[in-house]
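Take a look at the structure set out below.
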Amino acid sequence: MAVSEAEQNEGMTEKTTSMPDWEKRFRAARVSLPDWAEDAPDRSLFVSNATGTYELYAWDRATGAQRQATDRPNGTTDGVLTPDGESVWWFSDTDGDEFGVWMRQPFGGGEDEPAAPGLEASYPAGLALGRDGTAVVGRSTNEDGSTVHVVRPGSEPVEIYRHRESAGVGGLSHDGTLIAIEHTEHGDAMHSALRVMRLDGSGVAELDDTEGGQVELGLNVLGFAPVDGDTRLLIGHQRRGRWEPMVWDVASGEQTELGIELPGDVSAEWYPDGSALLVSHSFEARSELWRYDFATRQLVEVPTPSGTVSGATARPDGSVEYLWSSAAEAPVVRSTSGRVVLDPPGMKAPGSVPVEDAWVEGPGGRVHALVQRPTTGEGPFPTVFEIHGGPTWHDSDAFAAGPAAWVDHGYAVVRVNYRGSTGYGREWTDALRHRVGLIELEDIAAVREWAVSSGLADPAKLVLAGGSWGGYLTLLGLGTQPDAWAVGLAAVPVADYVTAYHDEMEALKSMDRTLLGGTPEEVPERFEASSPLTYVDAVRAPVYISAGVNDPRCPIRQVENYVDRLAARGATHEVYRYDAGHGSLVVEERIKQVRLEIDFAARHLG
């Protein structure tokens, strides 16, 4: 018997009504900030989970038509439009392993085809597309290190750069004659230098702030001026102890520091006519937008609500579109014109509780933590220390379905921006070297003591949890601070640092050599001191581990080594393995993992 549309809607309403809020937050459709074609601004590309898996969507703003461009079991998020808006380039890997090739399809739909024929599969290392059909493709493999290739229509790819250390494509000039590359040939993967070349591989200019000083400083590419023949390159630098933008004329060598006096890290991108910059300022877990005008050298605030702007772009009409959220409110793509730019279909994500700021004196200075409390009951609460990955990242006042799920279940949640986190100046970010993992755990311990002494956290019900680098710190913390934690939840973690180094993707090997000062063979004592496997026999808390079997960042073999050691001594643990890479882009899989974590904690905390 056929089911009417009204009956279908009624069934969906009943299902939604009975669904807990924490699941709704994951299932509610989300969209990324739309990227738009430079020469066809009505054509855009965005990412959405509307089908239950994160995929790329092409959007014609003139007609309103939206089309799902990719459809793969494990999802797709890496894509870009050609400047004319005629084609979508997207990266095709295998089951989340991040190793693959660029594919191309017409904007309006059609068959996919290899976008750069002749280039074998690799890890991606940047991509720049020119107006004449030329592409500059960055690649990384364990065999070749980093390479950059120029791909012209109808011709074989031409290699113009190769080095063992990590490097990537930063940007292509508007007229397609110059390419900017970020590289770490000096061996410091935390601080890139810049090289500008012509597309035949000949050099134009070099900039390296790591040379000639005891303190090494990083540079990054923010984009060439959007004008033909303009040789100005917008870059980020750390010369004043934090990230801020500067204009470098690669033809004359002139460097113009803008002197933007904002307290936190500052990034920027060009307005489409090249007359101004859209400035993004990140400070103490919040962010805001400004416009910097070259003619007046004035900085004017672009009003946004308090919270986090996770992406922004200036449109040709002068308006600014931005993706905004806070811990209490779900993400939305807004415009300074006053409208919502892109409203995904279906149910909306329920809100959550706002974050509170905590500042705690730690061994390396004041540590910033974000705290969320349950809406009912009084402390002390069972408390989850949700540790962010990276390590060069930071938790912010932004919407996060995972922490909100714990709050719904009666837990307080504490997120710590430990030394190594971004957004608190260069010295804070660079403090990790050599005592990797142990430095971060000192800061987490200081915040843990504050949480207990303040009456927030129940000292008998403390959960250490995190994914990626946060999963690594979880396992390391369970072994080095065995009396402090009642339960550990580690997702896609580094568990055996030596094996992880030998199995991981090449760019992460470079980062590990920088952090620890060499390879496992060169500095074995540092790898041993920073490896969770070293302390596995001291672990007392029940441990839950989830891992993707195709993960190139925290490979499965080193996780199995750790699990085998737990099993050999009969330690309480559970392991969940799933068919994906470094996390999952499938909504139901993510919900399953959170449900398993919450259940594990509940069983072992009582």
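Before moving on, here are some points about what is shown:
- At an R0 of 41 angstrom, the distance between the Cβ atoms of Glu120 and Arg339 translates into a FRET efficiency of 0.35.
- Using θ = phi - 60° and Karplus 6.51 cos²θ - 1.76 cosθ + 1.60, couplings along region 122-139 (whole Hz; Gly, Pro as x): 6, 7, x, 9, x, 8, 9, 10, x, 6, 9, x, 6, 10, 10, 10, x, 9
- Residue order for Ser18, Ser468 - accessible surface, 1.4 angstrom probe, largest first: Ser18, Ser468
- Vicinal HN-Hα couplings computed from phi for region 272-277 (Karplus, 6.51 cos²θ - 1.76 cosθ + 1.60; Hz; Gly/Pro x): x, 8, x, 8, 7, 10
- Whole-number Å³ per residue for the convex hull built on Cα positions in the chain: 168
- Cut-off 11 Å between beta-carbons: net charge of the residues surrounding Ile181, Lys and Arg +1, Asp and Glu -1: -2
- Measuring with a 1.4 angstrom probe and ignoring ligands and nucleic acids, Ile598 comes out at about 20 Å² accessible.
- Gain in span if fully extended, Ser155 to Lys592, counting 0.36 nm per residue against the direct Cα distance: 152.6 nm
- Per-residue extension of 0.36 nm, minus the Cα-Cα distance of Asn561 and Arg540, leaves a gain of 5.8 nm for this segment.
- Total formal charge among the other residues, if their Cβ is under 14 angstrom from that of Arg433, Lys/Arg +1 and Asp/Glu -1: -1
- For the pair His502 and Thr77, a Förster radius of 25 Å applied to the C-beta separation gives a FRET efficiency near 0.35, rounded to the nearest 0.05.
- Accessible surface area normalised per residue over the chain is 40 Å², counting heavy atoms of protein chains with a 1.4 Å rolling probe.
- Share of carbon and sulfur in the accessible heavy-atom surface of the chain [1.4 Å probe, %]: 48
- Surface accessible to a 1.4 Å probe, Arg435 within the full protein complex, Å²: 100
- Spin-label model distance (nm) - Glu361 vs Asp293, 7 Å beyond Cα toward Cβ: 4.7
- Taking all protein chains together and rolling a 1.4 Å probe, Lys24 ends up with roughly 30 Å² accessible.
- Mean residue ellipticity, 222 nm, helices only, the chain: the sum of -39500 (n - 2.57) across DSSP H runs of n ≥ 4, divided by residue count and rounded to 500, is -6000 deg cm²/dmol.
- Centroid-to-centroid separation of region 16-73 and region 554-606 [C-alpha atoms, Å]: 29
- Where Cα atoms sit under 19 Å apart: lysine pairs in the chain separated by 8 or more or lying on different chains: 5
- Applying the Karplus relation 6.51 cos²θ - 1.76 cosθ + 1.60 with θ = phi - 60° to region 87-95 yields 3J(HN,Hα) values of 9, 10, 9, 9, 9, 10, 10, 10, 6 Hz, where x marks Gly and Pro.
- The residues His186, His388, sorted by heavy-atom accessible surface at 1.4 Å with ligands and nucleic acids left out, run His186, His388 from largest to smallest.
- Size of region 457-606 from its Cα atoms: along the principal axes, largest to smallest, the extents are 46, 36, 30 Å.
- Gain in span if fully extended, Asp175 to Asn142, counting 0.36 nm per residue against the direct Cα distance: 8.6 nm
- Note on Thr94 and Thr392: the model spin-label points, each 7 Å out from Cα along the C-beta direction, lie 3.0 nm apart.
- In nm, spacing of pseudo-spin labels at Leu262 and Val549 (7 Å Cα→C-beta vector): 4.6
- Per-pair calculated FRET efficiency, R0 = 35 Å: Glu86 and Val204 via Cβ, rounded to 0.05: 0.75
The values are calculated or read from the model by the stated rules, or taken from the named source; none is laboratory data. Note that this is a predicted model, so its numbers are computed, not measured. Every residue, glycine among them, receives a Cβ derived from its backbone with ideal geometry; neighbour counts consider all protein chains shown. The accessibility values were calculated without ligands, DNA or RNA, using every heavy atom of the protein model including side chains. Shrake-Rupley method; radii C 1.70, N 1.55, O 1.52, S 1.80 Å.
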